[in-house]
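The values are calculated or read from the model by the stated rules, or taken from the named source; none is laboratory data. What you see is a predicted model, and the numbers here were worked out from it, not measured in a lab. All Cβ positions, even for glycine, are placed from backbone atoms using ideal geometry, and neighbour counts span all protein chains on display.
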Amino acid sequence: QSVLTQPPSVSGTPGQRVTISCSGSSSNIGIKTVSWYQHLPGTAPKLLIYSNDQRPSGVPDRFSGSKSGTSASLAISGLLSEDEVDYYCAAWDDSLNGVVFGGGTKLAVL
Amino acid sequence: EVQLVESGGGLVQPGGSLRLSCAASGFTFSDHYMDWVRQAPGKGLEWVGRIRNKAKSYTTDYAASVKGRFIISRDDSKNSLYLQMNSLKTEDTAVYYCARRIRSGSSSSFDYWGQGAPVTVSS
């Protein structure tokens, strides 16, 4: 049971826009910034979004993040087949004194 | 070019110990907080722990699941990060990643990761 809650899977068709939600609490998302990662198992995770809505250099603007209260969202527009990997949200948790990850969301591009 | 390269993974019996290393290059290692994150087979990412930099007195934090068994250390003179794993359990079986925390102040943001070191705990 992860501290941050994500849907296990989402799907979309090429070119479509999808969103992945991440629900937390007042000890993590409610008071700390959210990060999002893209991960193909067996490879190094990639930072997509930091500080809720900031993109590192090199990350396409098809990826965007937002946060409201104790929840956050990752939006992916113009879906590509290469987007079909796992996505994780993360935040620092003041009660646990550590980083907490969501359980991960598998994106299917149909 | 920033690079993080883990080593030291392998097969160990329950109750045993293992030490992972992470060699860093391409950046000023001593400036950054460094973390370990793992992924068990078929599971999601799980944060293991963090060591801060000299300015923050090299303080550490650990996930509850490893606290008291794992120790994170660093040697800034060698640009290296370490994870000493003791009293290993079968549930510690995972790929272990070292990761560099971004300097922006976002505590959960890791901008560079190693390729991962597989650890299998089994008799």
How many residues of segment B:16-32 are touching a residue at least 12 places away in the same chain (Cβ under 8 Å), in a loop (DSSP other than H, G, I, E, B) and out of contact with any Lys or Arg (no Cβ under 8 Å at 6 or more places or on another chain)? The answer is 3
Among what's in segment A:24-69 and is outside any strand (DSSP E or B), of a type in the set (Ser, Thr, Tyr) and without any contact (Cβ under 8 Å) to a residue 12 or more places away in the chain, pick the residue that is farthest from B:Trp47 (Cα to Cα). A:Ser57
Give me the residue from segment B:43-61 that is more than 16 Å from B:Ser109 (Cβ to Cβ) and charged (D, E, K, R) and, out of that set, surrounded by the most Cβ atoms within 10 Å (Cβ to Cβ). B:Glu46
Evaluate segment A:24-47: report whether one residue or more is of a type in the set (Lys, Arg), at pLDDT 95 or above and under 28 Å from B:Pro118 (Cβ atoms). yes
I'd like to know if segment B:85-99 contains one or more residues that are more than 16 Å from B:Leu18 (Cα to Cα) and of a type outside the set (Gly, Ala, Ser). no
Checking the structure you have, find out if any residue of segment B:33-42 is within 29 Å of A:Cys89 (Cβ to Cβ), buried (at least 18 other Cβ atoms within 10 Å of the Cβ), in contact (Cβ under 8 Å) with a residue 24 or more places away in the chain and of a type in the set (S, T, N, Q). yes
Do we have A:Ser23 as in contact with a strand residue (DSSP E or B) (Cβ under 8 Å, 6 or more places away or on another chain), more than 10 Å from chain B (Cβ to nearest Cβ), polar (S, T, N, Q) and under 21 Å from A:Asp93 (Cβ atoms) here? yes
